[in-house]
Amino acid sequence: MDDDVLTTLKLLIIGESGVGKSSLLLRFTEDTFDPEQSATIGVDFKVKTLAIDGNKAKLAIWDTAGQERFRTLTPSYYRGAQGVILVYDVTKRDTFTKLENWLNELETYTTRNDIVKMLVGNKIDRDDHEVDRNEGLKFARKHAMLFIEASAKTKDGVQCAFEELVEKILQTPGLWESESQGQTLRLGNQEQGGGRACGGYCSVP
Amino acid sequence: MIIFDNVNMAAVTDPESEVFEITDFTTASEWERFVSRVEEVLNEWKLTGNSTRKLSKEKADYSNGTWEEKSQEINFVDFTFSMTHYALVQENENDTNTELEEAPFPLAMQDLLCTKNDFPPRAHCLVRWYGIREFVVISPGPNVEAIISESKCNLLLSSISVSLVNSGCQVPMFVQIQQKWRRLYSGECQGHGVHTEFEMVHLRKVPSQYNHLSGLLDIFKSKTGYTIYPLPPINVAIRFTYILQDWQQHSWPLQPPDFDNLLGGEVGVEEFGKLPFGACEETISELHLSTTWPELTEGTVLDNDVYSDLDPLHAPHWALRIKTVEHPQCLLGDLLTDLFKLRGRKETTEEILGRGSAEEEGKDSTISSALSRLTEPAAPVPISKLSVSSMVHNARRHIQRHRLNDESPLGIEELNCILQYLFPDAAMDKTENQSAQPNSYGKSQKDQNTDDLFIQLKSAPVESLTHRLALCMCLVNSYHGGLRAVAYLWQEFVLELRYRWENNYQICGLQEELPDLRCCLLHQKLQMLNCCIKRKQARDNICNTPERSSETASQNVHQPTQFTATASSSQITAGSPGKSLDSWSDSEEEFFECLSDQGDTETPSMRREKDGSKTRAEGRMHPCNNMTLLNSSELLFIPVTQEPAPMTEDLLEEQSEILAKLGTSAEGAQLRARMQSACLLSDMESFKAANPGSVLEDFVRWYSPRDFLEEEIVNETSQTILKGQLSPRMKIPGNIWVETWENAKAVPAHRQRRLFDDTREAEKVLHFLEVQKPADLSCHLLPCIIHAAILKLKEEEASENIPSVKNNIQKVTVQASKLLQQFNPDYSNLQDCIDFLIAMEMVIAQYRSLKTKFAIAEAENEEQRENLRQFLNSLLEDPEVVVSGAGHGKIGGIIHRLFVNVQESANLDKEPGQKKNEERKLTEGDSKNHDFPSPAGREILLRTCIPRPAPYSKSLPQRLFCVLTRDEFRLVGAFSSDTSFF
Ligand SMILES: Nc1nc2c(ncn2[C@@H]2O[C@H](COP(=O)(O)OP(=O)(O)O)[C@@H](O)[C@H]2O)c(=O)[nH]1
Ligand SMILES: [Mg+2]
């Protein structure tokens, strides 16, 4: 692995089929838009190295299909993910209403509750919006997610979405370090004093 | 060392300081270098200049406040010292700075006189002795010999003195001299034309003339040159500490459980699900009662060699602390430790039990089971498969046991008891039917609603087979034969699983249909095996049931009318004698045989019809939203599909690694899609079979509806109609969906090649299980055991209500959860968690011990009981707890009683028959002699403010702290003098 890479993060993109998950990922990793992108089968995978505040993070991003039949596969990819991008299509209300289902599934299959979630409303380049920005915002707030509207086609918001997500992950203690040592356990009266060279804390006798 | 020059103590001077040494400690320049280094550090630490801090009027929290420590190594020639700065973090420091005023003398000197912070329950000894909140200590570094010779001591003290003067530092500075354990310090504080010397005397015995307050007052007076008149009063604070350590009145309440009984026939099988708990010995070794007289003045109290006013019962202030037994033997703790230790054993099961034993037994099982199947007496009522299983099983076990009886590490009784506990269905009532089995532990389902602990800890649900196995292994490891028994039980366990696989009996107690990735790997593996057994059963059912109603076996939805043709065909199959009933059975060969069977019996005329709507539909589940096919008026049916392959986390990991390895190029992505398209192909084939004459558009409308775009268009006759088409991405020529559709043949799911090879997967799981060593097993089971231990602690805590334990259970759960969620848990950190669990068991045991000692059950009313409960909880949490009401309060009464009981029995031993009680009642003030033992420690603190060295000098703080114990006499003095007017 590259020496200067601070950490490798596992990200996941989920949401109904056709909302533009694969297109967002292609935009982010290769900065292109491919109208000929075929519908994902099972899961797909891309990597990209991102520099945040001078630190390089290697991102391993799993793209999922979204169709009902492929769903049995995806939960296994939730495991160990530090971040999730949840996508809906601003021109299709039903992709927005289905978000609850996706969150439920996420809740069921992720064990850590500190996983960072980003909500992306995609295809804002189109003008037949069915979901208002405020609705997305409200939903994100309700579920403690980051939120952005984006377009894989015009690249609006795409880079930003990934960067914000990664930044947030790096700011979350214990989420990305391999060791999550954190606080040491201490119990009331026990194991205090002692150990000090001078005999430290004393009482009589 | 420094000797109090005014007092003649030559006779009792410690002999160790007399050692003569030739000093070539340093040259002048080395000395100067050292001094400047000390100054440098003081500057670095910004300790120079006026003390800007003001003495806060309130009591500073010396024990619980935060003490900051900074350390720096400094050298004197080749001597390494460590220089450390200690300071209490003042919470309201900013406030006091704003109302800064010139202090009359350095903060430390004010601290000497402050009476608010006497006898802190926990503090650095210099803090206790001098009452100071900030100081610097120079002590020999680790592995450096102590400063013993007087010349070296003096040299160091002068260095300090010079550096303090040079730097203008007003923080007191000490050097540690003599052996570390003696805790001897000398030091100095400078500032504002005043100067305080810190000196100590440390002896092994208390000289008799100083064994009381009046003698100590004499020393203090003569040392300070207490010459002026009228004499300012000497402030006196006294603290006596009494130790209670003889618990014969209260034998330890818990008897260790009888483990033979746990397994014996009398105690139910359920006993195996319980973890032992509690300490096997006393956990509280001593009670320390400190009685304090905080503010006395010389003359108001009498304490000399013949008489004393100091009756502990009437002391205004009582505080209690406990001393706990360091590592008492605790049952749960031992169990956890034993299991954790198993991790270090490298032996394989084979090595432990002897080569070949597994195969031999395996062979034995098939023979014996075949045998017993034949010899089993015919039951009067039709018996279910399961009861046969259990009988066959018991027979096998019997034969086996017979053979192994002598060498087997576990007795037959024990093993049977354990296996019955693990596989309760094997012993179930014969009439109980199999379908009831998997749900047989409804209890756990309820538990689960309130308890998702198994998800947090990545263990397995309580009551699941895995959880129960963990408990058994743990008990067997600790109490029934250790490593060998663990290996043996494991082998038996795996044999039972193999037996179930081979004979199509489900494993009960695994709940989920598919491996639950939130559980531990072992649990997933067992679930996987169960999946395999279920699939195999389902296959058998399809072929066995005369009416092929369960084509949809897994979905449990069927339309018998749809299957008329195939139903007859399967009837023939089932009826044909000598044919294997396992139509979908193990090898591919058999699979094709089965296929051709069915092909032969298929109505030929139907088959030969040309492609089109007339072709017989097969494998339909139900119509899809009343949609009709695009090219006909037939309903669009959702087909019966193959269920997705169950996966355990290690398989998934493997798979995702393979997928990731394909890289991120377009070709890689293409390959990845192709590798995953087997399921799509299978679904397309099922769809085609269920919907003859369908097109890709039809499939997409069911499978990926968002890729079928419908538009309202107005046709020639001005009607708006819906016109649909594939999404652009589906229309791309040659895309994998189109390609797969074109390759898909109309084959119903049950005739397709299996996506999931249950035979292979089952064998893989069994092999995985067979090769696990006891050490691996202990790792696999650790999450379940930690889970069980946490539950046990919760349960035990709940019966006592100990807030600190409750809190800590929460903490340890979070910590363990973090560790166990990692792919490769860090075992050294897990060890910490286990130690922590053990410590909690100890605390609960300590609490229980205190509860009996303080007779909480006999409290007069609920309020009192609650007070007592809180008091005991504080004893466990805090270093020292104030007894409200001192000797006259309720709790004080109980403590008093405890001492009296012990004294009485001690007196009884000494002078049997003597009536001490009457004697005692004569003089109230004399009661200490009888109710309490003589104090184990006495601390006497004398303070005053007088001019020194001359009567016209400034009036300055003087302090002497005296410690008198059985084997220590320590005088700790701080004497200030005016350096400008003397
Ligand atoms: N106008 C527009 N179309 C988009 C955008 N993103 C994706 N699409 C189109 O939406 C369809 C589905 O996109 P895809 O990335 O395959 O979605 P996925 O199934 O969620 O991966 C494709 O035809 C894309 O060309 C976008 O930002 N704007
Ligand atoms: Mg896609």
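The values are calculated or read from the model by the stated rules, or taken from the named source; none is laboratory data. Just so it is clear, the model here is predicted, and its values are computed rather than measured. Neighbour counts run over all protein chains shown; Cβ positions are idealised from the backbone, glycine included. These area figures cover heavy atoms from the full protein model, side chains too; ligands, DNA and RNA do not enter into them. Shrake-Rupley method; radii C 1.70, N 1.55, O 1.52, S 1.80 Å.
The requirement of being among the small types (Gly, Ala, Ser) and not in a loop (DSSP other than H, G, I, E, B) is fulfilled somewhere in region B:741-750, by at least one residue.
Select, from A:Thr72, A:Thr7, A:Thr29, the only residue that is more than 16 Å from ligand 1 (Cβ to nearest atom), within 9 Å of chain B (Cβ to nearest Cβ) and either closer than 29 Å to A:Thr172 by Cα or without any contact (Cβ under 8 Å) to a residue 12 or more places away in the chain (or both).
So the residue among A:Thr72, A:Thr7, A:Thr29 that is more than 16 Å from ligand 1 (Cβ to nearest atom), within 9 Å of chain B (Cβ to nearest Cβ) and either closer than 29 Å to A:Thr172 by Cα or without any contact (Cβ under 8 Å) to a residue 12 or more places away in the chain (or both) is A:Thr72.
Screening B:Leu475, B:Leu483 for residues that are open to solvent by 10 Å² or more (accessible area, probe 1.4 Å), hydrophobic (A, V, I, L, M, F, W, C) and under 15 Å from B:Leu336 (Cα atoms) leaves exactly one candidate, B:Leu483. Within region A:143-163, residues that are in contact (Cβ under 8 Å) with a residue 60 or more places away in the chain reach partners that are assigned to a loop (DSSP other than H, G, I, E, B) and open to solvent by less than 30 Å² (accessible area, probe 1.4 Å) with beta carbons closer than 7 Å, at six or more positions or on different chains, in the pairs A:Ala150/A:Gly157; A:Ala152/A:Gly20; A:Val158/A:Ala150; A:Val158/A:Ala152; A:Ala161/A:Ala150.
Test A:Gly54 against the stated conditions and say whether it is within 15 Å of ligand 2 (Cβ to nearest atom) and not aromatic (Phe, Trp, Tyr). No: the conditions fail for A:Gly54. With respect to A:Glu100, determine if the residue is within 14 Å of chain B (Cβ to nearest Cβ) and closer than 30 Å to B:Ala645 by Cβ. Considered against the rule, which asks whether it is within 14 Å of chain B (Cβ to nearest Cβ) and closer than 30 Å to B:Ala645 by Cβ, A:Glu100 comes out as no. Across region A:38-65, the number of residues qualifying as within 16 Å of ligand 1 (Cβ to nearest atom) and in contact (Cβ under 8 Å) with a residue 24 or more places away in the chain comes to 10.
Condition check: more than 13 Å from ligand 2 (Cβ to nearest atom) and not aliphatic (A, V, I, L, M). Does A:Thr8 satisfy that?
Yes.
Any residue in region B:46-62 that is in the same structural domain as B:Pro142 (by TED's automatic domain parsing), farther than 26 Å from B:Ile148 by Cα and at pLDDT 85 or above? Yes, because at least one residue in region B:46-62 is in the same structural domain as B:Pro142 (by TED's automatic domain parsing), farther than 26 Å from B:Ile148 by Cα and at pLDDT 85 or above.
The C-beta contact set for region B:669-685 (first residue under 18 Å from A:Ile61 (Cα atoms) and at the interface with another protein chain (Cβ under 10 Å from one of its Cβ atoms), second residue open to solvent by less than 20 Å² (accessible area, probe 1.4 Å) and in a loop (DSSP other than H, G, I, E, B), distance under 6 angstrom, 6+ apart or interchain) comprises B:Ala673/A:Ile41; B:Gln676/A:Ile41; B:Gln676/A:Gly42. The set of residues in region A:77-114 being free of Cβ contacts under 8 Å to residues at least 24 places away in the same chain and among the hydroxyl-bearing types (Ser, Thr, Tyr) consists of A:Thr97 alone. Regarding B:Asn807, is this residue under 30 Å from B:Glu351 (Cβ atoms), within 11 Å of chain A (Cβ to nearest Cβ) and open to solvent by 30 Å² or more (accessible area, probe 1.4 Å)? Here the answer is no, as B:Asn807 does not meet what is asked. Picking from residues in region B:700-726 that are part of a strand (DSSP E or B) and of a type in the set (Val, Ile, Thr), the one that is farthest from the other protein chains (Cβ to nearest Cβ) is B:Ile721.
Say whether the condition of being modelled with pLDDT of 85 or more and open to solvent by 50 Å² or more (accessible area, probe 1.4 Å) is met by at least one residue in region B:583-605. No - not one qualifying residue is present in region B:583-605. Is it the case that A:Ser22 is surrounded by 21 or more Cβ atoms within 10 Å (Cβ to Cβ), within 8 Å of ligand 1 (Cβ to nearest atom) and more than 17 Å from the chain's Cα centre (by Cα)? Taking the combined requirement at face value, the residue does not satisfy it. The sole residue among B:Leu164, B:Leu155, B:Leu184 that is within 50 Å of the chain's Cα centre (by Cα), more than 14 Å from chain A (Cβ to nearest Cβ) and buried (at least 18 other Cβ atoms within 10 Å of the Cβ) is B:Leu164.
Annotation: of all residues in region A:76-97 being open to solvent by 10 Å² or more (accessible area, probe 1.4 Å) and within 9 Å of another protein chain (Cβ to nearest Cβ), the one that is nearest to ligand 2 (Cβ to nearest atom) is A:Lys92. Does B:Val162 satisfy being farther than 21 Å from B:Arg128 by Cβ and of a type in the set (A, V, I, L, M)? Here the answer is yes, as B:Val162 does meet what is asked. Reported count of residues in region A:146-171, each being surrounded by 21 or more Cβ atoms within 10 Å (Cβ to Cβ) and either more than 16 Å from ligand 2 (Cβ to nearest atom) or of a type outside the set (Val, Ile, Thr) (or both), is 9.
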